[in-house]
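Presented below is the structure to which this report refers.
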Amino acid sequence: MRARDLAVEYETVSVDSDALEAARLMAEHKLPGLLVLDERGEPKAILPASQMIKVLVPTYVLEDPTLAAVVDEKHADRLCQALIGRRVGECLPGKAAPPPIADPDDTALEVAALMAQVRSPVVAVVQKTKAGPGGRERGSGQLLGVITASHLLHELLATTGAPSTQ
């Protein structure tokens, strides 16, 4: 099984997308994270749902988690207001690592190793663009789709012949 066969369409956002809409997208589709594209439409970062939640938590609670117990539910229910007026790029960690990118010809094991190494729930599958004579690959490419950890696990389990619990 190759990465091109495992890749599926997946929700993406740009660095300039509205952060509140991105959070809604994650929540409505129960996504582990979003693939963030740069201005050219190329993969820039993975925004994990856990990072989006971190943006919602007030700094004073992050610094002293015991303070979370004293915030009443009325105020806790308004946490998502922290996203109003923000862009996705502002929600990325300070030193956001580039997203893990698999070549379409990578095997399932290569994708699994990449996913495990960088601890990402999502890997982008990108076909590198060939540049003129000589056929050298450029840094940019076409996004073919995404492989999520749960999808990869599902496919790997299917190939083992293990019975499903469903």
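Do you know which of the residues in segment 117-127 that are of a type outside the set (Lys, Arg) and under 14 Å from the mean Cα position of the chain (by Cα) is surrounded by the fewest Cβ atoms within 10 Å (Cβ to Cβ)?
Only one residue fits best here, namely Val118.
I need the full set of residues from segment 69-108 which are of a type in the set (A, V, I, L, M, F, W, C), in contact with a helix residue (DSSP H, G or I) (Cβ under 8 Å, 6 or more places away or on another chain) and touching a residue at least 40 places away in the same chain (Cβ under 8 Å), in order please.
Start the filter on segment 69-108 by keeping residues that are of a type in the set (A, V, I, L, M, F, W, C), which leaves 69-71, 76, 79-80, 82-84, 88, 91-92, 96-97, 101-102, 108.
Within this subset, residues satisfying the condition of being in contact with a helix residue (DSSP H, G or I) (Cβ under 8 Å, 6 or more places away or on another chain) are 71, 79-80, 82-84, 88, 91-92, 97, 102, 108.
Within segment 69-108, Cys80, Leu83, Ile84, Val88, Cys91, Leu92, Ala97, Ala102, Ala108 qualify.
Out of curiosity, is Leu67 at pLDDT 85 or above and within 20 Å of Gln51 (Cβ to Cβ)?
Working: at pLDDT 85 or above: yes; within 20 Å of Gln51 (Cβ to Cβ): no.
It is false that Leu67 is at pLDDT 85 or above and within 20 Å of Gln51 (Cβ to Cβ).
The values are calculated or read from the model by the stated rules, or taken from the named source; none is laboratory data. Predicted model, so just to flag it, every value in this text is computed and none were measured. Cβ coordinates were reconstructed from backbone atoms using ideal geometry, including for glycine residues, and neighbour counts include every protein chain displayed.
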